[in-house]
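The values are calculated or read from the model by the stated rules, or taken from the named source; none is laboratory data. Computed from a predicted model, the values in this text were never measured in an experiment. All Cβ positions, glycine included, derive from the backbone under ideal geometry; neighbour counts span all protein chains shown. Side chains are part of the model used for accessible areas, which takes the heavy atoms of the whole protein and leaves out ligands, DNA and RNA. Shrake-Rupley method; radii C 1.70, N 1.55, O 1.52, S 1.80 Å.
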Amino acid sequence: MWAHTVGFTVLPHVGGFLGWFINRKEVPVWYEKLKKPSWCPPRKVFPVAWTVLYTGMGYASYLIWNDLGGCNSKAIIPLGLYGAQLALNWAWPPFFFGIHNLKMALIDILCLDGLVIGTMCSWYRINKIATLLMVPYLGWLAMATCLTIRIWKDNPEQKPGKTE
């Protein structure tokens, strides 16, 4: 039983860690040069926030899986939405940091917002605690979405052939 709890709780961290590891060199080089709003959180906040958020969402997904009796027909929509939002969450860093495509990162995070809301709606009747564990994540995503919009607006993409 505990192996399932740990597995579900750790799973979101895998993509988060890989995203950080692959793109870590872009932060001091490219990200620091971007024009950002005054309310942009300091870099040190992001790993702490994502550790808490990934842990909460991972444990919440375990609660849903457990309450539905594992992977079965009842779990397809609630865990499918969760998996889809997790995939979009993991896709954002490569769009933003990896290929510096602010427009794709914005489209990704807007779709992510919708999938997280859908996930929470599908979870509410199954387990209210699991749904509440997603609230900080949704709040952080609201801030991250606003931040992505501002960075996209304030940093026009370079035309091909121009260097930074």
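The mean sequence distance of close C-alpha pairs (under 8 Å, at least 6 residues apart), as a share of the length of the chain, puts its relative contact order at 30 percent.
Averaged per residue, what accessible surface does the chain expose to a 1.4 Å probe, in Å²?
With the other protein chains kept in place, the chain gives 57 Å² per residue.
Here r is the Cβ-Cβ distance between Arg24 and Asp154 and R0 is 22 Å; the resulting FRET efficiency, rounded to 0.05, is 0.40.
Structural descriptor for the stretch 1-59: relative contact order 77 percent, calculated from alpha carbon pairs under 8 angstrom and at least 6 residues apart. As a fraction of the 1.4 Å probe accessible area of the chain, surface on carbon and sulfur atoms comes out at 71 percent. Shown for the chain: lysine pairs separated by 8 or more places, or found on different chains, whose C-alpha atoms are under 15 Å apart, numbering 6. Rg/Rh for the chain (Cα atoms only, Rh after Kirkwood) is 1.01.
Only Lys, Arg, Asp and Glu carry charge here, each on its Cβ (+1 for the first two, -1 for the last two); on that basis the chain has a dipole of about 340 debye about its Cα centre. Per the Debye formula on identical point scatterers at the alpha carbon atoms of the stretch 56-133, with no solvent, log10 I(q)/I(0) at q = 0.13, 0.16 Å⁻¹ is -0.42, -0.59. Between the stretch 93-164 and the stretch 28-66, the C-alpha centres lie 11 angstrom from each other.
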